[in-house]
Amino acid sequence: MATCDVCGNEYVKSFEIHIENSVHTFDSLECAIQRVAPTCGNCGCRVVGHGVEVGGAFYCCAHCARIVEPRVAARVADHA
Ligand SMILES: [Zn+2]
Ligand SMILES: [Zn+2]
């Protein structure tokens, strides 16, 4: 039994996500996404797939990366 970092729910099937040196506890993937998933630097949606990282910023897709960083992201392949 552990308590969710986001909503405070105590749940027997809670799980941990380890990122670098910190550990986060969640009761659901929805809470985990809210806390852990990066936000697209262009459209602001949550990046829950592979996404694209350009110049230290995350984007949900190559299209968004190209809008913000047209030169850097010119050759970024779209995983989506
Ligand atoms: Zn929760
Ligand atoms: Zn986007």
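Where a number appears in this text, it was derived from the coordinates with a stated rule and is not lab data. The structure presented is a predicted model; accordingly, all values stated were derived computationally and were not measured. In this analysis, Cβ positions are derived from the backbone assuming ideal geometry, glycine residues included, and neighbour counts consider all displayed protein chains.
Report, to two decimal places, the Cα Rg of the chain normalised by 2.2 N^0.38 Å (N = number of residues). Walk me through the numbers on the way to the answer.
On the way: Rg = 15.4 Å, N = 80, 2.2 N^0.38 = 11.6 Å.
This ratio for the chain stands at 1.32.
Explain nothing, just the number: dipole magnitude of the chain about its Cα centre with +1 on each Lys and Arg Cβ and -1 on each Asp and Glu Cβ, in debye rounded to the nearest 20.
Numbers: 6 positive and 9 negative charges, 81 e Å.
Once rounded to the nearest 20, the dipole reads 400 debye.
For every helix of n ≥ 4 consecutive DSSP H residues, a contribution of -39,500 (n - 2.57) applies; sum these over the chain, divide by its total residues, and give [θ] at 222 nm rounded to the nearest 500 deg cm²/dmol. If you can, show how the numbers build up before the last one.
Details: 2 runs with 15 residues, N = 80.
Helix contribution divided over all residues of the chain: -5000 deg cm²/dmol.
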